[in-house]
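Encoded as structure tokens, the structure appears first; notes follow it.
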Amino acid sequence: MTSAPVNNKHAPRRAILGQLPKMYRVDGSAIRVLLVDDERALTNLVRMALRYEGWEIDVAHDAAEAVDKYRANTPDLLVLDIMLPDTDGLGVLTQIRESGTYTPTLFLTARDSVADRVTGLTAGGDDYMTKPFSLEELVARLRGLLRRTAYLTPADDESLKVGDLALDVASREVTRGGVPISLTSTEFDLLRMMMRNPRRALSRNEILRQVWDYDFGGRTSIVDLYVSYLRKKIDTDREPMLHTVRGVGYMLRPPE
């Protein structure tokens, strides 16, 4: 192993994480997480951090075990390493999604190229982290995923429309020109924010605060990545609606 899978100097700090309210399932029971990685040192550390949150953690060390454990006890969150000994994490997620179930998924990867990250997102992942990573940041990312996916059973019936682009919160449906568009949870919330602010230039930092609800220390590249992928789904073969505002961020506006 050339580098530690976890950056220990950023291990969870009780003074910070302990100040945040605990998160539970709708019925009051503990959040269930399936952690899939073949590095046992990493899974031991991550399991310790997530148990401190009061969550129930199940661990798998290869793809076959991961699929079996997922089917036996559908988790609320999936933390999935891309590189596994028997197949890759992308194949695992494909098998899971083919069953018709949706679980918010965070990919772990030792590779930090844009191509590798986009591959994970196109496979249906909602977020990604590169190794070595901070346990504190991992917990914060997972908490953010839980907050965003709480809209799977929303309390409101908000509907938004910008040009021929329509979004329905209750059904989680998005269409453009009447054609359905499939989005991940993070993409949905990014689009929702932009549709609430049409024709307004939104800074990358503002998008980070409102969509991810987490301080990435100025690393706004995650916004650029998600906007680029959302743009492919929304604008391909159509008049563009997602526009880059140089020196600021992004804007959603209908075609003139």
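The values are calculated or read from the model by the stated rules, or taken from the named source; none is laboratory data. Note that the structure is predicted; figures quoted are calculated from it, not measured. Glycine also receives a Cβ, built like all others from the backbone with ideal geometry; neighbour counts cover every protein chain displayed.
Scanning segment 46-79 for residues that are farther than 21 Å from Thr109 by Cα and of a type in the set (Phe, Trp, Tyr) gives Tyr52, Trp55. Screening Val174 on (1) part of a loop (DSSP other than H, G, I, E, B); (2) of a type in the set (Val, Ile, Thr); (3) at pLDDT 90 or above shows it passes everything except condition (1).
Within segment 176-208, which residues are of a type in the set (D, E, K, R), over 18 Å from Arg97 (Cβ atoms) and surrounded by 16 or more Cβ atoms within 10 Å (Cβ to Cβ)?
Step one: filter segment 176-208 for residues of a type in the set (D, E, K, R), giving 176, 187, 189, 192, 196, 199-200, 204, 206.
Still in the running and over 18 Å from Arg97 (Cβ atoms): 176, 189, 192, 196, 199-200, 204, 206.
Within segment 176-208, Arg176, Asp189, Arg192, Arg204, Glu206 meet the criteria.
Take the residues in segment 42-53 that are touching a strand residue (DSSP E or B) at 6+ places or on another chain (Cβ under 8 Å) and hydrophobic (A, V, I, L, M, F, W, C); name whichever of them is surrounded by the most Cβ atoms within 10 Å (Cβ to Cβ). Among those residues, the one meeting the criterion is Val46. Cβ separations smaller than 7 Å between residues 6+ apart or across chains give no pair from segment 26-43 residues that are under 21 Å from Phe133 (Cα atoms) and not assigned by TED's automatic domain parsing to the domain that holds Met83 to residues that are surrounded by 16 or more Cβ atoms within 10 Å (Cβ to Cβ) and modelled with pLDDT of 95 or more.
Whether a residue is in contact with a Phe, Trp or Tyr (Cβ under 7 Å, 6 or more places away or on another chain) and either modelled with pLDDT of 95 or more or surrounded by 15 or more Cβ atoms within 10 Å (Cβ to Cβ) (or both) was assessed, and Gly89 passes this test.
Being charged (D, E, K, R), surrounded by 15 or more Cβ atoms within 10 Å (Cβ to Cβ) and in contact with a Phe, Trp or Tyr (Cβ under 7 Å, 6 or more places away or on another chain) is a property that Glu173 lacks. What's the number of the condition Gly18 fails, among (1) surrounded by fewer than 16 Cβ atoms within 10 Å (Cβ to Cβ); (2) over 22 Å from Phe133 (Cα atoms); (3) at pLDDT below 85? With respect to (1) surrounded by fewer than 16 Cβ atoms within 10 Å (Cβ to Cβ); (2) over 22 Å from Phe133 (Cα atoms); (3) at pLDDT below 85, Gly18 is out only on (2). Note on segment 92-102: among residues that are surrounded by fewer than 22 Cβ atoms within 10 Å (Cβ to Cβ) and on the phi < 0 side of the Ramachandran plot, the one that is nearest to the chain's Cα centre (by Cα) is Tyr102.
Condition check ((1) closer than 30 Å to Glu56 by Cβ; (2) crowded, with 17+ Cβ neighbours inside 10 Å; (3) modelled with pLDDT of 85 or more) across all residues:
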| site | (1), (2), (3) |
| --- | --- |
| Asp156 | yes, no, no |
| Leu167 | no, yes, yes |
| Asp213 | yes, no, no |
| Ile222 | yes, yes, no |
| Leu230 | no, yes, yes |
